[in-house]
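Note sheet for the following structure.
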Amino acid sequence: MAKERILMYASKQWSTNAYEYQIEKDESPFEIVPTSDLLSENTVNQAKGFNIVSIFVNDKLNAKTAETLAQLGVGLVVLRCAGFDGVDVAACTKHGITVTRVPAYSPHAVAEFAVGLLLGVNRKIHRASSKMLHGDFSLDGLVGWDLYGKTAGVIGTGATGAIVATILRAFGMRVLCSDIYKNPSLLDTPGITYVDTLDELLPECDVISLHCPLTEHTKRMVNREFIAKCKRGFTLLNVARGGLVDSEALLQGLRQGQVGAAGMDVYENETEIFFHDHREAGIHDDNLGRLLLLPQVLITPHQAFLTRDALNTIVETSLESIRQYLSGQRLHEVQHSLNKPPVTD
């Protein structure tokens, strides 16, 4: 039996290995063809001869790229992530391209990492490790504060945000939540309360954790005005989308002490930076460079999802989408499709 070849954009060895292991384990008739390039208008022609392509969080699939993919014969685009703000789904649907994603690979992995960032930046764990590597075992500059008795704000209470709220409550924190849709799992939990507006939440919180999608309404929601409304010296956490935070405003807030600390696994201009080794080429992003040098900032390279459990879910879900597509299902018929069904009167 001939194998179905799948072009994997933005491929890294760890991702290729995960897919190849599962394919071999299931004896699936698939072959992964990796490329380290991101999908874009400049690299789309690599998809010639493929029916299926796989993309990741920083690939860009705009209307022009969708049209080209269709002309090349691509019928299925499989996202190896939950976020899809880089994909013009309407254009893909127009050209008959099915687009699927992995809606919830492991909310626990991301939520636990968010709390890990909080503990790390608050208790200066990254600074302590760096000091000791240079022979400095003193405690200077390592004073943190108890989470117990403080107030945390969770903006966005889907699966990940709800878990973060529950964990922070277990630390003995008071938790204020903001979301258009109230998560039923949090409604009857003592110590966890929904507020009607962000203006009620921001001035109260020692910690603010972001867990909302990136949309035209949430892009750079953490700006100068947002930061000015917050409690002075608060800690900002972002494991959601880099574009939620205006990095210029964050830098200003940190310099002025309005922002006490920041723990981030994402960055607004991460596309050409994260997932790559820049030790020789250097980082040509001034804001990121400045943030990395600040002792009260802890930034990681978009790794919150990276657990064995999450990888297994990502691989299994995306391979199942491929199987459904090859069985004849198209567009919105595939289980985790982003294509909307046609509107009927």
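Of all residues in the range 249-307, which are small (Gly, Ala, Ser), within 19 Å of residue 10 (Cβ to Cβ) and either free of Cβ contacts under 8 Å to residues at least 40 places away in the same chain or not in a loop (DSSP other than H, G, I, E, B) (or both)?
Within the range 249-307, just 281 meets the criteria.
If you scan the range 199-216, which residues turn out to be surrounded by fewer than 16 Cβ atoms within 10 Å (Cβ to Cβ) and at pLDDT 95 or above?
Passing the criteria: 199, 200, 203.
Can you name the residue in the range 33-45 that is outside any loop (DSSP other than H, G, I, E, B) and more than 24 Å from the chain's Cα centre (by Cα) and, of all such residues, is nearest to residue 318 (Cα to Cα)?
Per the stated criteria, the residue is 33.
From (1) in contact (Cβ under 8 Å) with a residue 60 or more places away in the chain; (2) surrounded by fewer than 18 Cβ atoms within 10 Å (Cβ to Cβ), pick out the condition that doesn't hold for residue 160.
The number of the failed condition is (2).
Restricted to the range 58-78, and to residues that are surrounded by fewer than 23 Cβ atoms within 10 Å (Cβ to Cβ) and not in a helix (DSSP H, G or I), which residue is farthest from the chain's Cα centre (by Cα)?
If we take residues in the range 58-78 being surrounded by fewer than 23 Cβ atoms within 10 Å (Cβ to Cβ) and not in a helix (DSSP H, G or I), then 73 is farthest from the chain's Cα centre (by Cα).
Considering every residue within the range 227-236, establish whether at least one is within 18 Å of residue 154 (Cα to Cα), out of contact with any Gly (no Cβ under 9 Å at 6 or more places or on another chain) and aliphatic (A, V, I, L, M).
So far as the range 227-236 goes, no, none of its residues is within 18 Å of residue 154 (Cα to Cα), out of contact with any Gly (no Cβ under 9 Å at 6 or more places or on another chain) and aliphatic (A, V, I, L, M).
Would you confirm, using the coordinates I've provided, whether residue 286 is within 22 Å of residue 211 (Cβ to Cβ), of a type outside the set (Ser, Thr, Tyr) and either touching a Gly at 6+ places or on another chain (Cβ under 7 Å) or surrounded by fewer than 17 Cβ atoms within 10 Å (Cβ to Cβ) (or both)?
Against the criterion (within 22 Å of residue 211 (Cβ to Cβ), of a type outside the set (Ser, Thr, Tyr) and either touching a Gly at 6+ places or on another chain (Cβ under 7 Å) or surrounded by fewer than 17 Cβ atoms within 10 Å (Cβ to Cβ) (or both)), residue 286 does not qualify.
Would you mind finding the one in 155, 125 that is of a type in the set (A, V, I, L, M), crowded, with 18+ Cβ neighbours inside 10 Å and at negative phi?
From the options 155, 125, the qualifying one is 155.
The values are calculated or read from the model by the stated rules, or taken from the named source; none is laboratory data. Quantities reported herein were computed from a predicted structural model and do not represent experimental measurements. Methodologically, a virtual Cβ is constructed for each residue, glycine included, from the backbone with ideal geometry; neighbour enumeration extends over all protein chains shown.
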